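*Asks:* Submitted below is the structure of interest, expressed as structure tokens.
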Amino acid sequence: MQTITRHPVTLPWLFLLLTLAGPLSGAAREKKAASATESNALTTFAPVSQDHELASIWNDPDFTRRLIGSYGFDADAEPRMSPEEQTVFREKVVPLLREDPKKAIGTLQGLVKPGASAVFDFTLGNIYFQNEDLTNAVKHFETALTKFPNYRRAQKNLAFALVRDGKYAEAIKPLARTISLGGGDGKVFGLLGFAYMNQGRFASADGAYRQALVFEPDNLDFKLAAVKCSLQTANYDHALALLDELIQQYPEQDNLWTLQANVYIQKEQPAKAVISLEILRRLGKATPQSLFLLGDLYMSQESRELALAAYVDALEKDGGKNPAKALRPAQILVSRGAWDEAKKLFAKIRSAGTALGAEDELKLLKLESKVAMSTGAGEEAIKVLEQIIQRNPLDGEALLLAGDYYAKNEQREKAEFRYDTASKLEGFEADAFVKHAQLLVQTQKYPQAAELLRKAQKVKPRDNVQRYLDKVEQLARAGRS
């Protein structure tokens, strides 16, 4: 879910956090007596790769056992079979299922007739599902449901096959129907929440995940998904409550502390966000990004020295690989008049061990020049600025800084020349006109100053400039009278 630049928790970043958190390790369970129809040849059920977003659910051994076990019967919620069908199933299908489900496909294809029991269609669909032929699996599950609409296991496995095939919108109806038929459990509610979330229906997903957590209260993935839904619906208090639980269970999970800090930022509670990031820092798991954020938070509280320490730690944590990333906090320090801290950060950037690119080098030189001019070292700064301008005559920022130096040191012609040059560069016109006008006001050239201010307002209207223009025009009229 950084101001201070604000740090909204974006959707792409939250997905990354969910992935980094990793799935819960499946607890070892006592192996139950194998069903008479459970395959000994296959131990997986249409598995997904470990980096798949459903891997923690789908590849869970207990989940797999339940799917494989769905070859059996539930007499209270199953379509009936005639005595002849029972005999065929018991004597021809079951032995093949025990040996290798694939071998039962041919036999079942001869049994799935319009008037035959839906059990045959379901069993054939299950075999296709287990062997990742999802198209045929869905086809036979749907046929079974046409014959017996309240076939709970067919509803559930149809939903699971659709989810496994990435057809999340289509899976919602059979998942909900499974629940209405009494088949709701942690995985069913969890997959329903996942399907809703993929459709952007975060309020519905939140309700599903809350139900899933009733069945599986310690499921890390479900809790993280519930946090995401809470953030998307701006229910920050619920998100924080879930995060508190998760942090108590998994204090070593660094992304949880970062996520908690971002939620506090959304709630405009920077002091609490600082605590979260400081704990992460003291655990030795703070990333350069989280340290830069910590520095920003300290700056928002006017704690300059603490901010500098966090920024320096971020550079050190980065190992000197990307010193250019420190230019943004350097700009923050300069903009807030933290001259001493800015100088120390400049020195750290230059000693980080990696050469800055040409563009970043110019940015740093200009920041150093600003600090130099603000701390009485203008002569040193102007030398650097003139070198920058010589290398790039169209550097508007350097032109304005040089103009400021010359204006401050009563070198009006040079200042006017720099401002005039900057006024011809896109993006710098308005500021250049205003600065030039201020210079003219000092020499009581009010009509010329008013004209430049009008040009500035035409390019970039601003209330404070308009008020200044009104005063200058008043002085110009008084001068004429």
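Derivation of every value follows stated rules applied to the coordinates shown; laboratory data play no part. This is a predicted model, so every value here is computed, not measured. Ideal geometry is used to build each Cβ from the backbone, glycine not excepted, and the neighbour counts take in all protein chains shown.
*Asks:* Kindly give the semi-axes, whole Å and largest first, of the ellipsoid equivalent to the stretch 120-229, taking each as the square root of 5 times a Cα gyration tensor eigenvalue. Intermediate values should be presented prior to the final figure.
*Replies:* Working: eigenvalues 129, 36, 27 Å².
Semi-axes, largest first: 25, 13, 12 Å.
*Asks:* Follow-up. Through the Karplus equation 6.51 cos²θ - 1.76 cosθ + 1.60, θ set to phi - 60°, convert the phi angles of the stretch 371-376 into ³J(HN,Hα) values in whole Hz; use x for Gly and Pro.
*Replies:* 5, 4, 5, 7, 10, x
*Asks:* Also, quick follow-up: Mind checking the dipole of the stretch 270-328: about its Cα centre, +1 per Lys or Arg Cβ, -1 per Asp or Glu Cβ, Debye to the nearest 20?
*Replies:* Working: 9 positive and 7 negative charges, 41 e Å.
That gives a dipole near 200 debye.
*Asks:* Could you calculate the contour length gain from ALA271 to GLU85, that is, 0.36 nm times the residue separation minus the distance between their Cα atoms, to one decimal place in nm? All intermediate terms of the calculation are to be shown ahead of the outcome.
*Replies:* Numbers: separation 186, 0.36 × 186 = 66.96 nm, distance 7.03 nm.
Full extension from ALA271 to GLU85 adds 59.9 nm.
*Asks:* Sequence neighbours fewer than 8 away in the same chain don't count; with that in mind, list the lysines whose C-alpha is under 17 Å from LYS370.
*Replies:* LYS343, LYS344, LYS383, LYS408, LYS435
*Asks:* Further, regarding this structure: Hey, what do the phi angles of the stretch 100-107 turn into as Karplus ³J(HN,Hα) couplings, whole Hz, using 6.51/-1.76/1.60 and θ = phi - 60°, x for Gly and Pro?
*Replies:* 3J(HN,Hα) across the stretch 100-107, in whole Hz: 6, x, 4, 5, 8, 4, x, 4.
*Asks:* While we're on this one: Between LYS383 and ASP470, what is the label-to-label distance in nm when each label sits 7 Å out along the Cα-to-Cβ direction?
*Replies:* A separation of 4.7 nm, rounded to one decimal place.
*Asks:* Right, next: Dipole of the stretch 277-370, Cα-centred, from +1 at each Lys and Arg C-beta and -1 at each Asp and Glu C-beta, to the nearest 20 debye?
*Replies:* Details: 16 positive and 13 negative charges, 19 e Å.
Dipole of the stretch 277-370, to the nearest 20 debye: 80 debye.
*Asks:* Among 413-420, 458-465, what's the highest-first ranking by average C-beta atoms within 10 angstrom per residue? Kindly include the intermediate steps, with their values, before the conclusion.
*Replies:* On the way: 413-420: 18.4, 458-465: 12.0.
The peptides rank, most packed first, as 413-420, 458-465.
*Asks:* Also, quick follow-up: How big is D, in µm² s⁻¹, for the stretch 166-216 by Stokes-Einstein at 10 °C and 1.306 mPa s if Rh is the Kirkwood radius over C-alpha pairs? Provide the component values of the computation, followed by the final result.
*Replies:* Numbers: Rh = 10.4 Å.
It comes out at roughly 152 µm²/s.
*Asks:* To continue, here is another question. Among all the aspartates and glutamates, which ones have a C-alpha under 20 Å from LYS103's C-alpha, if same-chain residues fewer than 8 places away are not counted?
*Replies:* GLU38, GLU85, GLU91, ASP121, GLU132, ASP133
*Asks:* What aspartates and glutamates sit close enough to LYS325 to cross-link, taking a C-alpha to C-alpha distance under 14 Å and skipping anything fewer than 8 places away on the same chain?
*Replies:* Qualifying aspartates and glutamates at Cα under 14 Å: ASP296, ASP313, GLU316, GLU359, ASP360, GLU361.
*Asks:* Using θ = phi - 60° and the Karplus form 6.51 cos²θ - 1.76 cosθ + 1.60, what ³J(HN,Hα) does each residue of the stretch 200-206 get, whole Hz, x for Gly and Pro?
*Replies:* x, 9, 6, 5, 5, 4, 4
*Asks:* About the Cα centre of the stretch 322-481, how large is the charge dipole given +1 on each Lys and Arg Cβ and -1 on each Asp and Glu Cβ? Please answer in debye to the nearest 20.
*Replies:* Details: 28 positive and 23 negative charges, 79 e Å.
So the magnitude is around 380 debye.
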